[in-house]
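First up is the structure itself, then whatever we jot down about it.
The values are calculated or read from the model by the stated rules, or taken from the named source; none is laboratory data. Values in this document were obtained by computation on a predicted structure and should not be read as measured data. When we count neighbours, we look across all protein chains shown, and the Cβ atoms used for this are built from the backbone with ideal geometry, even at glycine.
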Amino acid sequence: MAELKDVKGIGPKSLSLLNKIGINSVYDLVTHYPFRYEVLKRDELGKVEDGEKIIIDGKIESIPILMRFKAGLNKMNFRLVTASGVVGVSIFNRAFLKSKLLVGTDVIVIGKLDKKKNVITANDIKMGTLSNKEKIEPVYHCTSGLTNKNMSTYINMALLMYGRDIMDYIPSYIQEKYNFVNKKTALNIIHNPSTPEKLKEVTIRLKYEELFQFMFKINYLKIQNKKKKNGLVRVIDRDKLKEFMDKIPFKLTNDQQLAIEDILKDLESSSRMNRLLQGDVGSGKTVVAFVAMYANYLCGYQSALMAPTEILATQHYNNLIKFFKDKKIKVALLTGSTSKKEKNEIYKGLEDGSIHMVIGTHALIQDEVNYNNLGLVITDEQHRFGVHQRANLQNKGIKPDVLYMSATPIPRTYALTIFGDMDVSTIKERPKGRQKIDTYVKRTNEIKDVLQMMYEELQNNHQVYVIAPLIEESENSDLTTVNELRDQMKLAFKDKYKIDIVHGKMANGAKDIIMEQFKDNKVQILISTTVVEVGVDVPNATTMVIFDADRFGLSTLHQLRGRVGRGTSKSQCILISDSDTERLKIMEREDDGFVISEEDFKLRGHGDLFGTKQSGDMTFKIANIRSDYKILLQAKKDSKEYLLNEEYDNDDLKKELISSITNG
């Protein structure tokens, strides 16, 4: 397919802005779906109440008067003749429209009506008139410098130029079965809907296609895994393993022991292990993984553990070194930050077998990495890796067993569908000594109470996390930012405590340095975005303060809360919000991640559950696993039938779908 720059009207500046919001191809552009629709229907002046929204069209009667104020603020006023009377119109910061707003021009005004002054304060002015029928206009996620109109123009131009080249991922016989329109038509309608009925029809069709692709991958992997009966056959020295486990300085929970037994049976079986180990925050999954790696080592095989961030990979590496301090096990850490010299040494060690275990990020699946006898692959926070990334790692060995770990508890119903190709082990029990974290909801006018609670913990030589949802200010948002919070905290605590910030836009190296300083108590108050959701364990951190907490999903709040309570001291989580949301009430009363994930599904669907920045196979542009669950089940059934039907083995579509999984 043609490149994005080939679309008429997209120049270098527009291309850069589109790339900024994740649109890198023509396909990305045409599947950048509206997040809502504006229904334009003509109102009458006499029928709209004071202060209510109004949509009205008419002719401009007076030359717009432009007034400029300080700080780049401007306001434009003009009179509009409508079918139901004359009304004044005011609009802020649209000086660039003045040349278009000529006397006699037809415009559509959307805004709020002040009946006493007979003035509409407009938030938008469009050229043209309204018909007697409803007009449905798409509204897109954009960025500064890229308007909704620009986006609509680019999408429609791309559809006009390259619509026929867009791959349709629904087999033709299924399209006929459900009376689906073709992909190009569906895309044209979703971006330019004529009626709500047509819009609903193509939305279902596009959701089905997305879920069909996803379930095809899941079904394909399940079938491939069942075929792979030639797993590594191990004879684990259970006595040596028991001797090692008896020396672990804490008692394993029953759930941990059951999970270890599941894994050991998988390792001893001739079938390849394909298991999901899921557990609540702080339930002790990592220890289970380390025991599995030791059992694999006893049988003479290498292990690889892949984490989504360098911070988490480094933490696992340091813990693994401590865990095996009395053993002659060589462990390596391989990340993007590893020096070229060290990388070459690690590559050599992995290839000749002198390195027994390696922890790392995506660096583990680079072409340069070759393993001597990789027997076990573990991916931590597995939902953050796509199907392709996971497959690339397991394909590095001859036939390694695969263990996926997730600290995001998933309701069983959904887990059986989403991870239908895996066996599932669950850890619900908390390790002994782990205390319940007290959770409080506070309003912004109670900030003094919050600061006092923080101060008391700081006086006890404990540390505090402070979470803000945004990195920098936005014109359209009143959310508290990281930098504002740093200023507020410095004002409140003066120079008594070291305060620092960390966020996703920082370079990894800088982020890691600050996290290490926080871990070493050289920083007492760490202000951050959700980048710490999966991060370094800091047992001395006892307080988590989350600003604008109502803006987060339950699972994210629970993950953030899990950053504290990692030591023996009593810990607390303070949620600051002026909204009485059901989510926050659930957080106050519940601390069971599995209960919370069920509630999150009920309230929000899958989006937040799988991370705000999803990746790989869990990224859906239009579908929602919970609200579209019936469509998902049908797509699961249909995709399996299509996959197993040999009649379609020579289909270009089937080959393309399989190729997308195997080649990434």
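In table form, for the structure just shown:
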item: Test: residue in region 345-366 that is among the aromatic types (Phe, Trp, Tyr) and touching a helix residue (DSSP H, G or I) at 6+ places or on another chain (Cβ under 7 Å); result: no
item: Candidate set from region 308-342 (those that are surrounded by fewer than 16 Cβ atoms within 10 Å (Cβ to Cβ) and farther than 20 Å from Thr286 by Cβ); member that is nearest to the chain's Cα centre (by Cα); result: Gly336
item: Hits in region 9-46 - residues which are among the hydrophobic types (A, V, I, L, M, F, W, C), over 30 Å from Ser84 (Cα atoms) and either touching a residue at least 24 places away in the same chain (Cβ under 8 Å) or surrounded by fewer than 15 Cβ atoms within 10 Å (Cβ to Cβ) (or both); result: Ile10, Leu17, Leu18, Ile21, Val26, Leu29, Val30, Phe35
item: Out of Lys240, Lys222, Lys227, Lys247, sole residue that is surrounded by 14 or more Cβ atoms within 10 Å (Cβ to Cβ) and basic (Lys, Arg); result: Lys222
item: Filter pass, Ile355 being assigned to a loop (DSSP other than H, G, I, E, B) and in contact with a Lys or Arg (Cβ under 6 Å, 6 or more places away or on another chain); result: yes
item: Residue check, Tyr154 touching a Gly at 6+ places or on another chain (Cβ under 8 Å) and among the aromatic types (Phe, Trp, Tyr); result: yes
item: Hits in region 249-301 - residues which are of a type in the set (Asp, Glu) and part of a loop (DSSP other than H, G, I, E, B); result: Asp280
item: Residue within region 580-588 that is touching a strand residue (DSSP E or B) at 6+ places or on another chain (Cβ under 9 Å), of a type outside the set (Ser, Thr, Tyr), at pLDDT 80 or above and under 15 Å from Gly282 (Cα atoms) present; result: no
item: Residues satisfying the stated conditions in region 26-52, i.e. assigned to a strand (DSSP E or B) and of a type in the set (Ser, Thr, Tyr); result: Tyr37
item: Single unsatisfied condition, Gly72 versus (1) at positive phi; (2) surrounded by 12 or more Cβ atoms within 10 Å (Cβ to Cβ); result: (2)
item: Residue in region 258-278 that is of a type outside the set (A, V, I, L, M, F, W, C) and closer than 30 Å to Asn156 by Cβ present; result: no
item: Residue, modelled with the lowest pLDDT, within region 612-633, restricted to residues that are surrounded by 15 or more Cβ atoms within 10 Å (Cβ to Cβ) and not in a loop (DSSP other than H, G, I, E, B); result: Gly616
item: Test: Ala307 is small (Gly, Ala, Ser) and modelled with pLDDT of 95 or more; result: no
item: Whichever residue in region 130-146 is part of a loop (DSSP other than H, G, I, E, B) and surrounded by 13 or more Cβ atoms within 10 Å (Cβ to Cβ) and, among such residues, is farthest from the chain's Cα centre (by Cα); result: Leu130
item: Residue in region 75-106 that is surrounded by the fewest Cβ atoms within 10 Å (Cβ to Cβ), counting only those that are in contact with a helix residue (DSSP H, G or I) (Cβ under 8 Å, 6 or more places away or on another chain) and part of a strand (DSSP E or B); result: Gly85
item: Tally of residues being under 10 Å from Val441 (Cα atoms) and in contact with a strand residue (DSSP E or B) (Cβ under 8 Å, 6 or more places away or on another chain) across region 556-579; result: 5
item: Residue check, Ala549 under 25 Å from Ile427 (Cα atoms) and touching a residue at least 40 places away in the same chain (Cβ under 8 Å); result: no
item: Among residues of region 558-589, those that are touching a helix residue (DSSP H, G or I) at 6+ places or on another chain (Cβ under 9 Å), in a loop (DSSP other than H, G, I, E, B) and of a type in the set (Val, Ile, Thr), counted; result: 1
item: Residue check, Val532 at pLDDT below 85 and under 24 Å from Ser283 (Cα atoms); result: yes
item: Residues (touching an Asp or Glu at 6+ places or on another chain (Cβ under 7 Å) and over 21 Å from Arg234 (Cα atoms)) located in region 337-375; result: Ser337, Tyr347, Thr361, Asn370
item: Region 196-214: number of residues that are in contact (Cβ under 8 Å) with a residue 60 or more places away in the chain and over 19 Å from the mean Cα position of the chain (by Cα); result: 8
item: Evaluation of Glu134 against (1) at pLDDT 90 or above; (2) in contact with a strand residue (DSSP E or B) (Cβ under 9 Å, 6 or more places away or on another chain) (one fails), failing number; result: (1)
